[in-house]
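Note sheet for the following structure.
The values are calculated or read from the model by the stated rules, or taken from the named source; none is laboratory data. Quantities reported herein were computed from a predicted structural model and do not represent experimental measurements. Counting neighbours? That spans all protein chains shown, and the Cβs are built from the backbone with ideal geometry, glycine included.
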Amino acid sequence: MSLTTQQTKQIMDAAEAKAQEMGLAISVCVVDHNGLMKGFLKMDGAWFTTNDIALGKAKAAAGTKRSNGDTADRAGRPVFQYQLVHMGAVFAQGGEPIFEGDACVGAVGVSGAPGGPQDEEIARAALAGI
């Protein structure tokens, strides 16, 4: 099983639609199960810093196969710090794994909302349609 190009586009489109509904400009990144980028969208008006953060959130969710909301409280632990420094993983709300059955096929990362809960809401909404 693998994440398709069509699914990647659907996820990014759904994230953009939810962000527009919320009046936000975000960046959204979709990665495969190895944390390699499949797709990226930076909405007009999103800050340049959101690019790397969205990718980092997606990498973190793909690497742990868990919602970043479930791992954010552990971000200060040495193993998580290692992943931050050496892999660019960002353990903050807004990263969600993508599953096909029991297999993690990738993850989505969202950055640009004024807080983690909104990034997480957009990421979860992006996955609702696939």
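Can you go through E16, E96 and tell me which one is in a strand (DSSP E or B) and either basic (K, R) or under 15 Å from L127 (Cα atoms) (or both)?
E96
Is it the case, given these coordinates, that G23 is more than 19 Å from I98 (Cβ to Cβ), out of contact with any helix residue (DSSP H, G or I) (no Cβ under 6 Å at 6 or more places or on another chain) and either at pLDDT below 95 or part of a strand (DSSP E or B) (or both)?
Here the answer is no, as G23 does not meet what is asked.
Restricting the search to segment 52-82, which residues are part of a helix (DSSP H, G or I) and within 17 Å of A126 (Cβ to Cβ)?
I53, A54, L55, G56, K57, A58, K59, A60, A61, A62, N68, G69
Consider segment 114-130. How many of its residues are in contact (Cβ under 8 Å) with a residue 60 or more places away in the chain, in a helix (DSSP H, G or I) and more than 15 Å from G23 (Cβ to Cβ)?
So the count comes out to 4.
Mind listing whichever residues of segment 91-125 are under 24 Å from S2 (Cα atoms), at pLDDT 95 or above and among the hydrophobic types (A, V, I, L, M, F, W, C)?
I98, F99, A103, C104, V105, A107, V108, V110, I122, A123, A125
So N34 ticks every box in (1) in contact with a helix residue (DSSP H, G or I) (Cβ under 8 Å, 6 or more places away or on another chain); (2) surrounded by 14 or more Cβ atoms within 10 Å (Cβ to Cβ) but one. Which box is left unticked?
Unmet for N34, out of (1) in contact with a helix residue (DSSP H, G or I) (Cβ under 8 Å, 6 or more places away or on another chain); (2) surrounded by 14 or more Cβ atoms within 10 Å (Cβ to Cβ): (2).
Going through segment 74-113 one residue at a time, which ones are farther than 10 Å from K57 by Cβ and touching a residue at least 40 places away in the same chain (Cβ under 8 Å)?
Those that are farther than 10 Å from K57 by Cβ and touching a residue at least 40 places away in the same chain (Cβ under 8 Å): M87, I98, E100, G101, A103, C104, V105, G106, G112, A113.
Which of the following residues is surrounded by 13 or more Cβ atoms within 10 Å (Cβ to Cβ) and out of contact with any Pro (no Cβ under 9 Å at 6 or more places or on another chain): F48, F91?
After ruling out the rest, the residue left standing is F91.
Working carefully through the options G45, G56, find the one that is under 23 Å from A103 (Cβ atoms) and without any contact (Cβ under 8 Å) to a residue 60 or more places away in the chain.
Only one candidate passes the filter, namely G56.
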